[in-house]
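First comes the structure, then the notes that go with it.
The values are calculated or read from the model by the stated rules, or taken from the named source; none is laboratory data. What you see is a predicted model, and the numbers here were worked out from it, not measured in a lab. All Cβ positions, even for glycine, are placed from backbone atoms using ideal geometry, and neighbour counts span all protein chains on display. The area values use the complete protein model at the heavy-atom level, side chains included, leaving out ligands, DNA and RNA. Shrake-Rupley method; radii C 1.70, N 1.55, O 1.52, S 1.80 Å.
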Amino acid sequence: MSTDTQLDSWEVFMQARTGANFIHQGSIHASDKKMALQNARDTYSRRGEGTSIWVVPTSEIVASSPEDVDMLFDPSNDKIYRMPTFYTMPEGAKNI
Amino acid sequence: MDSIQDKLSKDEALLAKFEEKVQAGESVEPRDWMPEAYRKHLVRQMSQHAHSEVIGMQPEGNWVTRAPSLRAKQILLAKIQDEGGHGLYLYSAAETLGISRKEMIEQLHTGKAKYSNIFNYPSLTWADIGAIGWLVDGAAIVNQVSLQRTSYAPYSRAMVRICKEESFHQRQGYEIMAQMMKGTAEQREMAQDAMNRWWWPSLMMFGPHDTDSPHSADAFRWKIKRHTNDELRQKFIDKTVQQAEVIGLTVPDPDLKWNEQKGCYDYGEINWDEFNRVIRGDGPCNKQRLEHHIRVHTEGAWVREAAEAYKNKNEQQSINLN
Ligand SMILES: [Fe+2]
Ligand SMILES: [Fe+2]
């Protein structure tokens, strides 16, 4: 019996410079964490595109479903008190 | 009985919604509903694209050990490594459609999946490395720039990344050609010979003429394709002819002529018999390219097996520790 596989899939997130958000880049295949980091670097950062990398097993990603879009991402227009413009500031108050 | 009717009308409603969304210019993500034909078309196109990047490493790899200088060798290695990377971006983007990497490679090995015809031509001299970078990558760029706006988001994202890396590929090829054209008579002849052999196959990379393109209607309606084969081919010709002139190369097409009225070049008849012959497997290197891929894949199996065994051993150890 052949045990040959294409190894596990991992999702790659990279930070372009310190202080920035980690952004999803794509995925790679690797058998373990160490190989995943190495392959992520070789695949997604050949020109100094990153300063830091996260790798996460693809099977561990929990994603929302497109059908839930209305429920999850309701713009909450009925909650306009979340906007700074909702509030009336006293006449003459500055820097607020 | 009722349920079949229900399902049909539900699918129709989903399809209508999908097409409306795509028409509005929205992109499609992996978990969104999509028609089966859309998924199929993309799997075919993206896996073919990925295989092309990987198989394309072979004609260039042929010259790594014979590059004329250390500089040239470093550049060529970096370029080939990029192409491997492009293959990986595309395989992982295709995997989001539910096909596994293993299946894609099997399909390549059995001939069910294709790769670009251009890589079935041999790289005979160092000038071929120049011609490949300049013409083959140049043609690929025209196609890939257009695909940056393809409707399937993971494909589009991979294209954006690839396009950023491609301009170095084309420039290093053009530099080789320019250098050889400034060299000895023999070097100039070598460059012209490479031009003569790669020009027409490069034009064929865009595929058949629009009038002979059988299943492109869906691809346009679903915005997988954004420009026709002939549009892209014309764009490539129009920008490449001037580059050839600058360095003194002759485009091997006696019918090539600037058309003042249309504002673009007219060009001669493409040899579609040759194109079809090479697609059917009768190109100069079809057998060699595939055999090489199969051999390397098979010989590399122990590495993947060892990696899996190492992972399993470590997992077992951490269980025992707990
Ligand atoms: Fe590429
Ligand atoms: Fe390239």
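Inclusion of B:G61 among residues that are within 16 Å of ligand 1 (Cβ to nearest atom), surrounded by 16 or more Cβ atoms within 10 Å (Cβ to Cβ), closer than 24 Å to B:P201 by Cα and among the small types (G, A, S) is not warranted.
One residue alone among B:K21, B:K73, B:K7 is among the charged types (D, E, K, R) and either within 16 Å of ligand 1 (Cβ to nearest atom) or loosely packed, with under 14 Cβ neighbours inside 10 Å (or both), and that residue is B:K7. Kindly establish whether B:T184 is more than 14 Å from chain A (Cβ to nearest Cβ), among the hydroxyl-bearing types (S, T, Y), in contact with a helix residue (DSSP H, G or I) (Cβ under 8 Å, 6 or more places away or on another chain) and more than 16 Å from ligand 2 (Cβ to nearest atom). Here the answer is no, as B:T184 does not meet what is asked. For first residues located in region B:125-140 and within 14 Å of chain A (Cβ to nearest Cβ) and open to solvent by 10 Å² or more (accessible area, probe 1.4 Å), partners that are of a type in the set (K, R) and within 14 Å of ligand 2 (Cβ to nearest atom) and lie 6+ apart or on another chain with Cβ distances below 7 Å do not occur. In this structure, A:L72 qualifies as free of Cβ contacts under 8 Å to residues at least 24 places away in the same chain and hydrophobic (A, V, I, L, M, F, W, C). All conditions in (1) of a type in the set (S, T, Y); (2) touching a Gly at 6+ places or on another chain (Cβ under 9 Å); (3) more than 13 Å from every other protein chain (Cβ to nearest Cβ) hold for B:Y89, with the sole exception of (3). For the residues B:E291, B:E274, the requirement of being more than 14 Å from chain A (Cβ to nearest Cβ) and open to solvent by 60 Å² or more (accessible area, probe 1.4 Å) singles out B:E291. Checking each residue in region B:82-101 for being within 14 Å of ligand 2 (Cβ to nearest atom), touching a Lys or Arg at 6+ places or on another chain (Cβ under 7 Å) and open to solvent by 20 Å² or more (accessible area, probe 1.4 Å) picks out no residue at all. If you take the residues of region B:136-156 that are of a type in the set (A, V, I, L, M) and under 13 Å from the mean Cα position of the chain (by Cα), which of them is nearest to ligand 1 (Cβ to nearest atom)? The extreme case among them is B:A140.
No other residue among B:M34, B:M104 is within 14 Å of chain A (Cβ to nearest Cβ), surrounded by 15 or more Cβ atoms within 10 Å (Cβ to Cβ) and touching a residue at least 24 places away in the same chain (Cβ under 8 Å) apart from B:M104.
If you filter region B:213-233 down to residues that are free of Cβ contacts under 8 Å to residues at least 24 places away in the same chain and not in a loop (DSSP other than H, G, I, E, B), you find that the one that is surrounded by the fewest Cβ atoms within 10 Å (Cβ to Cβ) is B:A217. With respect to the conditions (1) open to solvent by 10 Å² or more (accessible area, probe 1.4 Å); (2) closer than 19 Å to B:K79 by Cβ; (3) within 16 Å of ligand 1 (Cβ to nearest atom), B:H169 lacks only one, and its number is (1).
Hey, any hits in region A:51-69 for a residue that's within 13 Å of chain B (Cβ to nearest Cβ), hydroxyl-bearing (S, T, Y) and within 28 Å of B:W302 (Cα to Cα)? Yes, region A:51-69 has at least one match. All of B:A67, B:A78 fail the test of being within 13 Å of chain A (Cβ to nearest Cβ) and open to solvent by 10 Å² or more (accessible area, probe 1.4 Å), apart from B:A78. As a summary of the residue check, B:I55 satisfies the conditions (1) away from chain A (no Cβ under 13 Å); (2) open to solvent by 10 Å² or more (accessible area, probe 1.4 Å); (3) at negative phi except for the one numbered (2). For B:M159, the stated conditions do not hold, so it cannot be described as among the aliphatic types (A, V, I, L, M) and more than 15 Å from ligand 1 (Cβ to nearest atom). Look at region B:147-176: where a residue is among the basic types (K, R) and a partner is not in a helix (DSSP H, G or I), sitting 6+ places away or on another chain with Cβ atoms under 7 Å, you get B:R149/B:R226.
Among the residues making up region A:1-15, a single one is at pLDDT below 95 and more than 9 Å from chain B (Cβ to nearest Cβ): A:M1. Within the bounds of region B:175-197, is there any residue that is touching a Pro at 6+ places or on another chain (Cβ under 7 Å), open to solvent by less than 10 Å² (accessible area, probe 1.4 Å) and assigned to a helix (DSSP H, G or I)? Yes: region B:175-197 contains one or more residues that are touching a Pro at 6+ places or on another chain (Cβ under 7 Å), open to solvent by less than 10 Å² (accessible area, probe 1.4 Å) and assigned to a helix (DSSP H, G or I). Residues of region A:24-43 that are crowded, with 17+ Cβ neighbours inside 10 Å and part of a strand (DSSP E or B): A:Q25, A:G26, A:S27, A:I28, A:H29, A:A30. Pairs are defined by a Cβ separation below 6 Å, a sequence spacing of at least 6 or placement on different chains, a first member in region B:298-322 that is within 12 Å of another protein chain (Cβ to nearest Cβ) and free of Cβ contacts under 8 Å to residues at least 40 places away in the same chain, and a second member that is open to solvent by 60 Å² or more (accessible area, probe 1.4 Å) and among the polar types (S, T, N, Q); the pairs so defined are B:E305/A:T3.
When B:I162 is tested against (1) aliphatic (A, V, I, L, M); (2) touching a His at 6+ places or on another chain (Cβ under 6 Å); (3) more than 16 Å from B:G85 (Cβ to Cβ), only condition (3) is not met.
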